[in-house]
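Q: Questions regarding the structure given below will be posed in turn.
Laboratory data are not the source of any read-out in this text; all were calculated from the coordinates shown. None of these values were measured; they are calculated from a predicted model. Quick reminder, even Gly has a Cβ in these numbers, built from the backbone with ideal geometry, and neighbours come from all protein chains shown.
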Amino acid sequence: MTYQGLIHRYGHLLDLPVHKKNISLLEGNTPLISMPRLSREFGCELFVKFEGLNPTGSFKDRGMTAAISEAVGRHVETVICASTGNTAASAAAYAARAGLRAMVLIPEGKVAAGKLAGAMAYGAEVIQIQGSFDDALTLVVEIAEKTPIAMVNSINPFRIEGQKTAAFEICDDLGCAPDWLCLPVGNAGNITAYWAGFKQYQKGLPRVLGVQAAGAAPLVLGHVVEKPETIATAIRIGKPVRGEQSLEAARQSNGKIIAVSDEEILSAQRLLASEGVWVEPASAAGLAGLIAESGQGKFEARDKKVVLVCTGHGMKDPSIITESFRSPKIIPANYEALIGLIEK
Ligand code: AN7
């Protein structure tokens, strides 16, 4: 039978209320791509779980099908979220699908072009906040407490339920859990969901390497970061709502949460692209973390199965690339000019 989306495939394993109405854009079912060249380079069996291939280009669609399906089931009319961009685009799409009003709050000037365009294209009311993602989230929480508007950030437990399915899919593809799972950590919903998913699925448990950007690393520093800053705007978050749970996931799995620099993130992004997988900067943090750890001899991954969770597509943030390369050459439209370049 053709694929009918996450709730259809895994709903029996998700703690969703009976009142839900299935709102799906056929999210999930993303490929686990083997990376033979990088595997050789790092001496392990490396795979990318390419979440950028979800309907709106990020892993957020997994949680959003669950959260919006629940909200529609109890006759909510408006949904709201704070976002560094991907949640906004996803909420906008699923709300559109369900015929709901969507309001998305984003930090002014700090959302990548592909995400902002997505949220607008799907018809959300996009509001820029003169503050950080964390400020926006505080506002959204207050609105959700005082009005019937449903909040679809990952504080919403149904988001986590939906996102568990990525762990199920990895186990289904590999036949077991990998030895290591490396992923970016921002608000810490995804690492929490993966860990819950692996525990529930009982196909073994990976060690979890959570990776934050050095300028937005509250879980590594052990305190809130008031002014988070990183080129990986998706994870420009200083006060993660599921911080405790993510630290617990790292601890229970015998893994850890570390920080990497923006340069390390960009260089990991280039490495992935050099083997055909273009991800947004935040999504390269897992590989950057693996490289940093193996460089210090701390990564015991030799011959092990390692899954890098690449959370968002490179097309979400095109200016990171176009601004860091020289503009493409311009030549006259004739053979001589072209052959001149080829034979140079
Ligand atoms: C590509 O969209 O928080 O640790 O508002 O977009 O579960 O927060 C995005 C987060 C990783 C971090 N990779 O996940 C938002 C938002 C990408 C992301 C994360 C995000 P969490």
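Q: Can you check what the net charge comes to around GLY312, using other residues whose Cβ is under 9 Å from the Cβ of GLY312 (Lys, Arg +1; Asp, Glu -1)?
A: With Lys, Arg at +1 and Asp, Glu at -1, the neighbours total 0.
Q: Using a Gaussian network model on the chain with a 10 Å cutoff between Cα atoms, which of GLN130, GLN245, GLN163 fluctuates the most?
A: Sorting by GNM fluctuation, first place goes to GLN130.
Q: Still on this structure, I have one more. State to the nearest 20 debye the size of the charge dipole of the chain about its Cα centre, where the only charges are +1 on K and R beta carbons and -1 on D and E beta carbons.
A: Dipole magnitude for the chain comes out near 460 debye.
Q: Can you list residues whose amide H is under 5 Å from ILE129's amide H, if they're 5+ apart or on another chain and H is modeled 1.01 Å from N?
A: ILE106, GLU108
Q: Oh, and also: Could you tell me the center-to-center distance, by alpha carbons, between the stretch 283-326 and the stretch 210-276 in angstrom?
A: Distance between centres, Cα-based: 11 Å.
Q: Out of all DSSP beta bridges with both ends in the chain, state the antiparallel percent to the nearest 5.
A: Of all bridge pairs located within the chain, approximately 15 percent are antiparallel.
Q: Then there is this: Order by neighbour count: PHE59, PHE168, PHE50, fewest other Cβ atoms within 10 Å first, most last.
A: Working: PHE59 32, PHE168 20, PHE50 23.
Final ranking by Cβ density, sparse to dense: PHE168, PHE50, PHE59.
Q: Which value in deg cm²/dmol, rounded to the nearest 500, describes the helix-derived mean residue ellipticity at 222 nm for the chain, given -39,500 (n - 2.57) per DSSP H run of n ≥ 4 and division by the residue count?
A: Rounded to the nearest 500, the figure is -12000 deg cm²/dmol.
Q: Diagonalise the Cα gyration tensor of the stretch 1-71 and give the resulting equivalent ellipsoid semi-axes, square root of 5 times each eigenvalue, largest first, whole Å. Mind dumping the intermediate values first?
A: Working: eigenvalues 187, 26, 23 Å².
Taking √(5λ) for each Cα gyration eigenvalue gives 31, 11, 11 Å.
Q: With springs connecting C-alpha atoms under 10 Å apart, model the chain as a Gaussian network and identify which of VAL306, VAL126, VAL208 has the largest mean-square fluctuation.
A: Sorting by GNM fluctuation, first place goes to VAL126.
Q: Another question, then. For ALA259, what residues show an amide H to amide H distance below 5 Å, using hydrogens built from the backbone and excluding near sequence neighbours?
A: GLN212
Q: For PRO17, what is the net charge nearby, where nearby means another residue's Cβ is under 13 Å from its Cβ and Lys, Arg count +1, Asp, Glu -1?
A: Summing Lys/Arg as +1 and Asp/Glu as -1 gives 0.
Q: If the limit is 20 Å between Cα atoms, which of LYS115/LYS329; LYS227/LYS256; LYS20/LYS164; LYS49/LYS239; LYS115/LYS239; LYS49/LYS227 go over it?
A: LYS115/LYS329; LYS227/LYS256; LYS49/LYS239; LYS115/LYS239; LYS49/LYS227
Q: Still on this model: Sort HIS12, HIS313 so the one with the fewest other Cβ atoms within 10 Å of its own Cβ comes first.
A: HIS12, HIS313
Q: Moving on to the next point. Each residue of the stretch 246-253 in turn: what ³J(HN,Hα) in whole Hz from Karplus with 6.51, -1.76, 1.60 and θ = phi - 60°, glycine and Pro shown as x?
A: My calculation for the stretch 246-253 gives 6, 5, 5, 4, 4, 5, 4, 8 Hz in order.
Q: Something else now. Aspartates and glutamates within cross-link reach of LYS304: Cα-Cα under 17 Å, excluding same-chain residues under 8 positions apart?
A: GLU41, GLU45, ASP173, ASP179, GLU293
Q: Sequence-distant or interchain residues sharing an amide H contact under 5 Å with ARG207, placed H: which?
A: For ARG207, whose amide H was placed from the backbone, the distant partners under 5 Å are TRP180, LEU181.
Q: Oh, and also: Spelling out what I want: for every residue of the stretch 103-116, take phi, set θ = phi - 60°, compute 6.51 cos²θ - 1.76 cosθ + 1.60 (Karplus), and round to whole Hz; glycine and proline get x.
A: Working through the residues one at a time gives 10, 10, 9, 10, x, 3, x, 10, 10, 5, 4, x, 7, 4 Hz.
Q: Once the principal axes of the Cα atoms of the chain are found, what is the range along each, listed largest first in whole angstroms?
A: 66, 49, 49
Q: Treating cross-link reach as a plain straight distance, find the aspartates and glutamates whose alpha-carbon is under 20 Å from the alpha-carbon of LYS146, omitting any fewer than eight places away in the same chain.
A: Correct list for LYS146: GLU70, GLU77, GLU125, ASP134, ASP135.
Q: Additional query: For the stretch 192-344, how big is Rg over Rh, using alpha carbon atoms and the Kirkwood form of Rh?
A: Details: Rg = 19.3 Å, Rh = 17.5 Å.
Rg divided by Rh gives 1.10.
Q: Could you check how many percent of all C-alpha pairs in the stretch 1-132 are farther apart than 21 Å?
A: 47
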